[in-house]
Amino acid sequence: HHPMRNLTLCTLFVIFLFLTYALLFPFFRGCYSPLSMLHSNSSKQHSVLFFSTIQQEGITKILHQGRYGQLQNSLNDFFYKFIYENQLFWARKYQQNNSPASDQEETDGTPHNPVHTVFLGDQFSSEHLFDDQFRDQLNRFEQRVFRRHSGVDQIHVAGNNDVGYGYSVTPYRLDRFVTAFNTPQNHIKEIGGVDFMWPLSISLDGSDLKLMRETWKFIEEVAQKRHSTKSQRPLVLILHIPLFKNEKTHSCRSSFRIRKADDGMVQMQSQLTMLTTKKLLSLLRPNVVISGHDHGGCNVIHEWTDEDSGEVHRVPEYVQRSMQGDYGGHTGILSFETQPSVDGQDWNFTYVSCGFTYMQVVVVFLVIIIAEVLLIGVLFIRVAINLVWRFTTGFFQLLWKAFQDKRKTKVE
């Protein structure tokens, strides 16, 4: 019996270690330091969570793969939900411990300083969904996986797998997306004293003319307003399609690829064009750029020259790695705070892409749990059978002894 008992204990120890890691992975993977959960001297600290290229699949996968497809969808939902809820829990702790007490007060049950989450596009796996399919996936997305908790603000950026590339995006698909996720596109929002801006990047290099003009008009109006008021508020530019990158000067896995139809509309692209990238940086002058689309993710420093002063500016772009299980279940965390300086206040931005683990590891872990349950079940059955056997044997031995004693008494 000892080998089986030892195997059971070893397996339980492995399960304990993995569960400990799973619950505390934001610390093991460097998302937060333990010190960040203590009260800070800073009067303002905020964090925003970023999720990229989830590409939730639906009925099409089930129709093609049957029960296996249904099992995969369920495993993916469980994988995403665990990461999302875990990150929300620690983000709340971070927010509570690094914000003024006034920001933690609630009005009608809603905190003044909610946790902000940004989905960088490609929430769904395809833009070619009928309305009933779209509703079913939306219900799974919001009710089963990424629930809209009180005190959590969700921002959803439209991706090419949500509404299509430039050639296939239509007003109907875009309106359906905006209505479903309650997030207007071509929008700017203040979070913790910082402007977060998300133009519809899939329309910038060639799409429906009206939509393309609306997006560039929005960008130019924001730029003009910021320049005319000499806004000191930092700007975080959020894009689905990443900025152009020179292959000789960056280490990103993906290279620039674009395919256009005869009418100039984009059919596929991995990055924005060089011209669009330069125009965005010179007009908006962002402090940080965060983008999605590229599953592998990477960090790049862009340079642009101020035409008025000739000064060269450096802007970091963080291309967020995918949340999918094949890419390690990553979450981006942008933390920012104000720090006193000679000129008044300086802003400090820190970005971390924090991975959980690969789906294959989770599957192995679930198999180990199932095997452990079966093993413990076998042990209990063996113990139960042994106890029943001993009890039955002892009972019949007592009966037999009593019978023998009775016979002996009669003979005497």
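GNM remark for the chain: springs join alpha carbons under 10 Å apart, and the peak mean-square fluctuation among Ile376, Ile155, Ile301 falls on Ile376. Among 278-285, 57-64, sorting by the average number of other beta carbon atoms lying within 10 angstrom of each residue, highest first, gives 278-285, 57-64. Charge dipole (Cα centre; +1 on Lys/Arg Cβ, -1 on Asp/Glu Cβ; no other charges) of segment 249-327 amounts to roughly 280 debye. Springs between alpha-carbon pairs under 10 angstrom, Gaussian network model over the chain: which of Cys252, Cys354, Cys31 fluctuates most? Maximum among the listed residues: Cys252.
Taking amide H atoms as placed 1.01 Å from N in the peptide plane, the amide H of Gly166 lies under 5 Å from those of Val266, each 5 or more residues away in sequence or on another chain. Computed on the chain, with alpha-carbon pairs under 8 angstrom and 6+ residues apart, the relative contact order is 17 percent. One quarter of the surface of the convex hull around the alpha-carbon atoms of segment 263-412 equals 20.8 nm², the direction-averaged projected area.
If you roll a 1.4 Å probe over segment 273-412 with all protein chains in place, what percent of the accessible area is carbon or sulfur? Answer for segment 273-412: carbon and sulfur cover 62 percent of the accessible area. The helix-only estimate of mean residue ellipticity at 222 nm for the chain, built from DSSP H runs of length n ≥ 4 each weighted as -39500 (n - 2.57), is -14500 deg cm²/dmol after division by the residue total. Just so you know, the averaged projected area of the alpha carbon convex hull for segment 173-255 sits at 7.6 nm².
Give me the dipole magnitude in Debye, nearest 20, for the chain about the Cα centre, with unit charges on the beta carbon: positive for Lys and Arg, negative for Asp and Glu. Taking the Cα centre of the chain as origin, the dipole is about 2260 debye. The angle separating the long axis of helix 274-284 from the principal Cα axis of greatest extent in the chain is about 80 degrees. With respect to the cross-link table entries Lys210/Lys278; Lys217/Lys278; Lys189/Lys217; Lys189/Lys210; Lys93/Lys225, which display a Cα-Cα separation exceeding 27 Å? Correct reply: Lys93/Lys225. Each residue of segment 379-386 was assigned a 3J(HN,Hα) from its phi angle through the Karplus curve 6.51 cos²θ - 1.76 cosθ + 1.60 (θ = phi - 60°); the sequence is 4, 4, 4, 5, 5, 5, 5, 4 Hz, with glycine and proline shown as x. Hydrodynamic radius of segment 233-348 by the Kirkwood approach over all distinct alpha-carbon pairs: 15.8 Å. Count Lys and Arg as plus one, Asp and Glu as minus one, and take only other residues whose Cβ is under 14 Å from that of Leu398; the net charge is then +2. Loop-resident GluC sites (Glu not before Pro) (DSSP state other than H, G, I, E or B) in segment 222-310 with no more than 12 further Cβ atoms inside 10 Å of their Cβ: Glu247, Glu307.
Spacing of the modelled spin labels on Tyr21 and Asp132, each 7 Å from Cα toward Cβ, amounts to 4.4 nm.
Only one of (i) 148; (ii) 158; (iii) 235 was calculated from the structure for volume of the Cα convex hull per residue in Å³, and its label is (iii). Among the trypsin sites (Lys or Arg not before Pro) found in segment 143-252, those both in a DSSP coil and sparsely packed, with 13 or fewer other Cβ atoms within 10 Å of their Cβ, are Arg148, Lys230, Lys248. Of Ser74, Ser168, Ser255, the residue with the greatest mean-square motion in the GNM of the chain, using alpha carbon springs below 10 Å, is Ser74. The C-alpha atoms of the chain define a longest principal axis, and helix 209-228 lies at about 80 degrees to it. Extension gain, Leu71-Ile381: 0.36 nm per intervening residue step, less the Cα-Cα distance, totals 108.6 nm. Report the calculated FRET efficiency for Phe256 and Glu221 (r = Cβ-Cβ distance, R0 = 41 Å), to the nearest 0.05. The value I calculate is 0.90.
In segment 143-200, the portion of solvent-accessible area held by carbon and sulfur atoms comes to 47 percent [1.4 Å probe, whole percent, DNA, RNA and ligands not counted]. FRET efficiency for the Thr179 to Leu7 pair, using the beta carbon distance and R₀ = 45 Å, is estimated at 0.25. Solvent exposure of the chain, expressed per residue, is 54 Å² of accessible area, with all protein chains present and a 1.4 angstrom probe.
Ranked by the mean number of other Cβ atoms within 10 Å of their residues, highest first, the peptides 118-127, 321-330, 378-387 come out as 118-127, 321-330, 378-387.
The values are calculated or read from the model by the stated rules, or taken from the named source; none is laboratory data. Because the structure is predicted, anything quoted here is derived from the model rather than measured. Every residue, glycine as well, gets a Cβ built from its backbone with ideal geometry; the counts of neighbours run over all protein chains shown. Note: accessible area is taken over every heavy atom of the protein model, side chains too, but ligands, DNA and RNA are not part of it. Shrake-Rupley method; radii C 1.70, N 1.55, O 1.52, S 1.80 Å.
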